[in-house]
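Just so it is clear, none of the values below were taken in a lab; they were calculated from the coordinates. From a predicted model like this one, the values you see are computed outputs, not experimental measurements. Virtual Cβ from ideal backbone geometry, glycine too; neighbours counted across all protein chains shown.
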Amino acid sequence: MPFRPTTSRLEPYLSARDMPALWAYLHRDLARFGFEKVFYVCTQRRPACGEFTVRDAAIQSSYGTEFDRFFVSGGAFLADVTTQWAINSEGAVSWGLSRRLNARGQLTAKQREVHERSLALGIVNGYTVSLRSPRAALISGFGLCAEEASTQGRVDRTWQAHGDEVLMALSAFDVCARAMPRVPPEEELSPRQREVLEWAGDGKTIEEIAEIMGLHRNTVTKHMQEARERLGVANTLQAVLRAVIQGQIYR
């Protein structure tokens with residue numbers, strides 16, 4: 001009998017108030033199937049190797065800082081065989097594909113470099129999943145990395161048994177994540193910047209905010225100025241409005 005999603009399985013995704021809560025629940029959900037690390041990217045356009053920047057997409061990763069630095073910031077993950085498959089296909093593909101092509105000598109030098117670097121960083125066994133929106137230009141992809149003690153054979157058997165459930169979880173996450181306000185990395189506010197904007201949005205003056213937060217007025221002014229600069233706006237009202245739209249304040 002095919003798997004049928006239930007309201008109880010979907011409710012935690014639908015009720016998540018922000019991206020950290022949504023991301024945390026996805027990890028707990030996928031852990032039931034032996035996946036412990038997740039890479040997620042959603043882009044509004046079909047990326048081409050060498051043309052991708054972080055600005056093009058919403059990205060979430062629990063693969064680790066070293067992976068993110070090399071693969072994400074440098075765009076190297078686009079040279080990965082399963083990523084290239086995901087760009088042009090829909091569904092799920094086993095990471096065994098990279099191993100088979102490597103064993104046959106069918107990887108390019110760049111593909112082999114990315115494959116070997118992934119293995120060195122512990123990104124060994126798993127699945128890549130590609131989802132399509134009815135809007136053809138919107139592509140969402142997931143890299144699901146299995147637990148360290150697992151094998152690709154075990155992961156493949158788990159997918160055969162529970163792949164429909166995993167796809168349901170990923171689809172629910174993707175729909176909810178795309179509905180969340182997106183904050184470009186360069187516009188991410190610090191806790192202090194968010195706090196001063198919230199007080200400003202409540203109608204407090206610089207002096208009142210300084211007293212409430214126990215700071216010198218010049219420090220409050222500095223936080224306010226830096227918040228405006230980060231958000232790329234001209235005044236505090238615009239900063240408050242943009243931060244609200246992005247979901248950075250009053251959460």
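Over all distinct alpha-carbon pairs, what is the Kirkwood Rh of segment 90-237 in angstrom?
This gives a value of 19.7 Å.
Name the residue farthest towards the positive end of the dipole of segment 7-179 from the options 67, 108, 79, assuming +1 on Cβ of Lys and Arg, -1 on Cβ of Asp and Glu, about the Cα centre.
About the Cα centre, the residue reaching furthest to the positive side is 108.
Relative to the Cα centre, what is the charge dipole magnitude of the chain, using +1 at the beta carbon of each Lys and Arg, -1 at the beta carbon of each Asp and Glu, and rounding to the nearest 20 debye?
Dipole of the chain, to the nearest 20 debye: 640 debye.
Taking R0 as 51 Å, what FRET efficiency do you get between residue 157 and residue 245 from their Cβ-Cβ distance, rounded to the nearest 0.05?
Approximately 0.70, to the nearest 0.05.
Normalized C-alpha radius of gyration of the chain, against 2.2 N^0.38 Å?
Normalised Rg, Cα atoms only: 1.18.
Between 209, 87, 139, which gets the highest mean-square fluctuation from a Gaussian network model of the chain, Cα cutoff 10 Å?
209
For segment 145-190, what is one quarter of the convex hull surface built on the Cα atoms, given in nm²?
For the Cα atoms of segment 145-190, the hull's average projected area reads 5.3 nm².
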